[in-house]
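Encoded as structure tokens, the structure appears first; notes follow it.
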Amino acid sequence: MPRYLVLFSREPGREAAEKGFVRRDAADFFALLAKDWWKAAASVSARLIVASPPEDRVAWKRCLGEERPHLWIPQRGTSFGQRLEGSARAAAALGGHAVIVGGDVVPSTQALEEAFVGLESGSDAVLAPAPDGGVSLVGIQAADLDLLGAIAPRRRNVFSVLHTRLVARGRCVSRVALAPDIDGPRGLRRQLASLASLASLRALARAALERGPRDRVESVESPPESWVSRPSPRGPPPPA
């Protein structure tokens with residue numbers, strides 16, 4: 001069955017701004033997170049799907065380019081949970097197995113492979129806890145996607161509540177390696193040590209946290225448009 005990695009995120013500039021970063025290097029940092037997730041997806045034979053608000057599409061095109069295939073899903077809904085559930089349902093409609101990660105999560109090929117193997121081995125759900133009690137990676141079957149609609153951001157019990165509700169339904173839940181997320185400048189400072197083996201990310205992280213002149217984070221505005229996500233007969237994009 002095909003594998004899909006859903007990157008659920010605003011475009012890098014807005015992602016950085018919403019988390020309290022002001023330096024342009026922060027937008028570059030979140031852009032590199034996305035590109036490294038793309039590489040991780042390719043390394044485990046998964047297709048990348050970007051789930052983002054329609055107005056962010058132009059900026060994402062500029063970030064990722066169009067020379068290699070990736071799919072798009074428009075985030076729609078009035079709450080975080082509605083947007084997350086809707087994106088998950090759109091990915092599920094493509095068939096196969098879908099794993100969702102946030103655009104603020106540090107890429108991990110190991111965690112991604114563990115998630116897909118778990119789903120392919122019979123687990124009904126796979127979850128990766130975030131250090132703050134949230135969920136940084138999730139993959140669940142279509143029958144349980146309604147549980148995503150109740151998720152609210154920045155809650156410290158998201159992992160425990162989602163896990164409890166899945167178990168209450170009799171689901172087999174696999175827990176994969178903890179995947180740290182970046183919830184702001186303070187969180188990024190805490191995660192610097194974990195980026196030791198990721199030289200490019202670590203360098204951008206340090207630049208994003210430097211003091212001095214503040215270059216305003218930029219983003220691209222574009223009018224809403226309809227996106228059409230269609231599975232492609234081609235395989236996953238090659239690593240950059």
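The values are calculated or read from the model by the stated rules, or taken from the named source; none is laboratory data. Small disclaimer: the values here were computed from a predicted structure and weren't measured. Counting neighbours? That spans all protein chains shown, and the Cβs are built from the backbone with ideal geometry, glycine included. Ligands, DNA and RNA are excluded from the accessible area calculation, which covers all protein heavy atoms including side chains. Shrake-Rupley method; radii C 1.70, N 1.55, O 1.52, S 1.80 Å.
Condition first: buried (at least 17 other Cβ atoms within 10 Å of the Cβ) and either at pLDDT 95 or above or aliphatic (A, V, I, L, M) (or both). Now tell me which residues in segment 174-185 satisfy that. Residues satisfying the conditions are S174, V176, A179, I182.
Yes or no, residue by residue, for (1) crowded, with 19+ Cβ neighbours inside 10 Å; (2) in contact with a strand residue (DSSP E or B) (Cβ under 9 Å, 6 or more places away or on another chain):
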site	(1), (2)
S79	no, no
A88	yes, yes
V99	yes, yes
T109	no, no
A125	yes, yes
D132	no, yes
V138	yes, yes
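Listed residues A46, A92; which is at pLDDT 95 or above, touching a strand residue (DSSP E or B) at 6+ places or on another chain (Cβ under 8 Å) and open to solvent by less than 20 Å² (accessible area, probe 1.4 Å)?
Numbers: A92 fails: open to solvent by less than 20 Å² (accessible area, probe 1.4 Å).
Criteria check complete, one pass: A46.
Note on segment 138-158: residues that are within 21 Å of A92 (Cβ to Cβ) and either in a helix (DSSP H, G or I) or touching a helix residue (DSSP H, G or I) at 6+ places or on another chain (Cβ under 6 Å) (or both) total 12. Those helices (runs of 4 or more DSSP H) of segment 12-125 in which at least 3 residues are small (G, A, S), considering only elements entirely within it, cover 12-18, 24-43, 80-92, 109-120.
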